[in-house]
Amino acid sequence: FAAKLAQQEGTLQTVRIGGDATLLGRCAGNLGLVAMLQGDFIVAKSYLDQSLALVRGADNRNSIAETLWLHGRLTLRRNDFDPALYHFKESLALYRTYTTSVWVTRVLVYIAILHVARDQFVVAAQLIGALDARDKTFGSINAHLDSRASIAEYRGAVESLRARMPAAAFDAEWKAGHALTVEQSI
């Protein structure tokens, strides 16, 4: 509740100082994230749609990519896999020129989570291997995820995959993913 009030206050202050579309879009995106984490998917979608319209109107590439990522997370939580993958891929396409970005890591993590949820174990294990290689090259996945909720979702997906996939098969696919270049993993 306190987070929602703080975000709403941020929106009011942004309007008071001139209503910058990018800042308003980020406030709406953060309110969408809070609603999503609270399980209110209808309100979350409303805020995320508002956010996307604002940041697209401002033509802010990074904010568009972030809002698409949030849309992907929301649709993934609703087990609506095809739209989730579409949002993640659209977000990743915008970040593609920044291959070392924490945002590339974040999007790849959620694509891996999506593949685990879809029972697409081979792709998921390869992405987890690629993410481990990124972790060693660009820094900790946990630091890149930057929230307990995201870290817990990723760890849970990895544990689920390991429990549901034969160990030898997981190890082979993980190694294949670990050997991918950054571009190949993207």
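Give the value in nm², to one decimal: projected area of the alpha carbon convex hull of the stretch 108-152, averaged over all directions.
2.9
What does the C-alpha gyration tensor say about the overall shape of the stretch 36-100? Classify as rounded when a/c is under 1.5, otherwise prolate if a/b is larger than b/c, or oblate.
Since a/c reaches 1.5 but b/c is at least a/b, the shape of the stretch 36-100 is classed as oblate.
Quick one: length gained pulling THR99 to ASN142 fully straight, 0.36 nm per residue minus the C-alpha distance?
Computed gain between THR99 and ASN142 is 13.7 nm.
Relative contact order, percent, of the chain when contacts are C-alpha pairs under 8 Å separated by at least 6 residues?
Across the chain, relative contact order equals 15 percent.
At most 15 other C-beta atoms within 10 Å and a DSSP loop state: those are the exposed chymotrypsin sites (Phe, Trp or Tyr not before Pro) I care about. Give me the longest piece of the chain that has none.
The longest uninterrupted stretch comes out as 2-97.
Using only the alpha carbons of the stretch 57-186, what is the convex hull's orientation-averaged projected area in square nanometres?
7.5
Rounded to the nearest 20 Debye, what is the dipole magnitude of the chain about its Cα centre when Lys and Arg each give +1 and Asp and Glu each give -1 at the C-beta?
Dipole of the chain, to the nearest 20 debye: 120 debye.
What's the angle, to the nearest 10 degrees (0 to 90), between helix 167-178's Cα axis and the longest principal axis of the chain?
Orientation of helix 167-178: about 60 degrees from the principal axis.
Any idea of the accessible area per residue across the chain, 1.4 Å probe, to the nearest Å²?
Result: 49 Å² of accessible area for each residue.
Multiply the residue separation of GLU183 and LYS89 by 0.36 nm, subtract the distance between their alpha-carbon atoms, and state the gained length in nm to one decimal.
The GLU183-LYS89 span can extend by a further 32.5 nm.
The values are calculated or read from the model by the stated rules, or taken from the named source; none is laboratory data. Source: prediction; values computed, not measured. Backbone-built Cβ (ideal geometry, glycine too); neighbour counts: all protein chains shown. Please note that ligands, DNA and RNA were not included when accessible areas were found on the heavy atoms of the full protein model with its side chains. Shrake-Rupley method; radii C 1.70, N 1.55, O 1.52, S 1.80 Å.
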